[in-house]
1. Can you tell me which residue is nearest to Asp105 (Cα to Cα) among those in segment 327-347 that are out of contact with any His (no Cβ under 9 Å at 6 or more places or on another chain) and among the hydrophobic types (A, V, I, L, M, F, W, C)?
2. Of the residues in segment 197-217, how many are buried (at least 17 other Cβ atoms within 10 Å of the Cβ) and part of a helix (DSSP H, G or I)?
3. Do we find a residue being surrounded by fewer than 20 Cβ atoms within 10 Å (Cβ to Cβ), charged (D, E, K, R) and modelled with pLDDT of 95 or more anywhere in segment 341-348?
4. Can you name the residue in segment 286-331 that is among the β-branched types (Val, Ile, Thr) and closer than 26 Å to Ser213 by Cβ and, of all such residues, is nearest to the chain's Cα centre (by Cα)?
5. Taking segment 235-274 on its own, how many of its residues are surrounded by 22 or more Cβ atoms within 10 Å (Cβ to Cβ) and closer than 24 Å to Gln45 by Cβ?
6. Hey, can you tell me all the residues within segment 367-379 that are surrounded by fewer than 19 Cβ atoms within 10 Å (Cβ to Cβ) and in a loop (DSSP other than H, G, I, E, B)?
7. Could you tell me which of the residues Asp165, Asp111 is closer than 23 Å to Tyr324 by Cα, acidic (Asp, Glu) and modelled with pLDDT of 95 or more?
8. Any chance you could count how many residues in segment 104-119 are touching an Asp or Glu at 6+ places or on another chain (Cβ under 9 Å) and within 22 Å of His377 (Cα to Cα)?
Amino acid sequence: MLNKPISRRSLLGLGAAAAASTMLPGCSDGRSDGKTEVEVVCYKQEAVSIFEKLAEEFNATHDDIYLNFTCPADAVTIMKTRFVREDYPDVIGIGADGDYASFTDSEIFADVSDCPTMDEVQDAYKEIQKSVTYVPLDGYYAVPYVANAAGMLYNVDMFNEHGWDIPQTWDELIDLCKQIQSEGEVLPFYLGYLDTWTILSPWNSITTNLVPSDLARQVNAGEAKFADYYRRPAEMMLEMLDYAEEGPFAYSYNDACTAFARGQAAMYPCGSFAVPQIKSVNPDMNVGLFPMPSADNPDDRIVVSGIDLQWCVSKTCDHIDAVYEVIKFLSEPENVQTYIDDQNAIPCLDGNFDIPELFDGVQENLDNGKLLDYLDHTYPSAMACDAQLQTMLLSGDIDAFLSKWDTDWQRYNRSVIRKVEAYEEQQ
């Protein structure tokens, strides 16, 4: 592969710097035993035992390649530090999110369009990956592996016991909340908004059904404002507070998962990523997921699904064949299934996989590709969008929220807006 200098002009606040004229080796050429070492650094610490087992199996069955797989705490911070030092792992396992967009913009990752595994990736997730970057890119800069989904988690057994129907519209959801509230046995929702990031989950699921899929691009191109579209989602978020625990801003994500697991609420507006935490409290709980019913037409409902893990390859790597062999191994159906079973994940690859029952309620969306990425994957981290949402929910002042959001977007997204303007001028 290339030894081309890598720009770090937008490496997420680590400081703009010109690319160095020479590079440290991105990956080791070999080991004393003659094997080519492939280093993978992955941010999924909760899956470390799976990958340690797979690495052990890989190393036992390959004479020419040694797989060094790590899932450290604060992996993304470690990656940023290593990138600044020009000490690049061969493979970086991260989600298709703002970090991925910034790393790609910094020209750290190689185009992996020629990786044979890309042929197995579902088109919907190829499109989701492309939607994350600031401007359209030729090629693919990661191999999608597994995804998650968000909407409304619900207690399946509780719904069956009470004969509650899955709501198809927002009015039906509110009517159900009123019915549950009147019965007085459990809360309709548990929210747990002390950790501000948790607010983004219902926000993503509600808003995706109500705004143009490319709204961030339109705003960056000067064609729209968020205030034109975000009022109704904000009203819905405020309405949910009437049917949740008292003072949700005093309860954390762990509190919400625990309360839901213990049957204190019928629903929890979150994503599949929360299910392992929920089942750590109640392993026998029957958890389901249905699309957030915020679309005007039930047939138009979209499920928020993001690429939770994908394999990016350092641009400096000079043994790409060994890296592709590792990705091929990780993508073997039985290995993907192991991850799916343990982490309640959705495969990004085509194949006859056994999908967890959790996703039965959104299977139609998965089958038909009626999916869109998490909106917050396009939000600049410095803007603290989750905190802005919390402030709006605490104050109830939607006008101030909308005004500040558009103003701050222009402030914190200047470099992206300039990049979009330059791209548009070239078209």
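1. In this case the residue turns out to be Ile327.
2. 14
3. Within segment 341-348 (the criterion being surrounded by fewer than 20 Cβ atoms within 10 Å (Cβ to Cβ), charged (D, E, K, R) and modelled with pLDDT of 95 or more), the answer is no, since none of the residues qualifies.
4. Checked segment 286-331; the qualifying residue nearest to the chain's Cα centre (by Cα) is Ile307.
5. 9
6. Gly369, Lys370
7. Asp111
8. Count: 1.
The values are calculated or read from the model by the stated rules, or taken from the named source; none is laboratory data. Predicted, not measured: the structure shown is a model, and the values here were computed from it. Cβ atoms come from the backbone with ideal geometry, glycine included; neighbour counts cover every protein chain shown.
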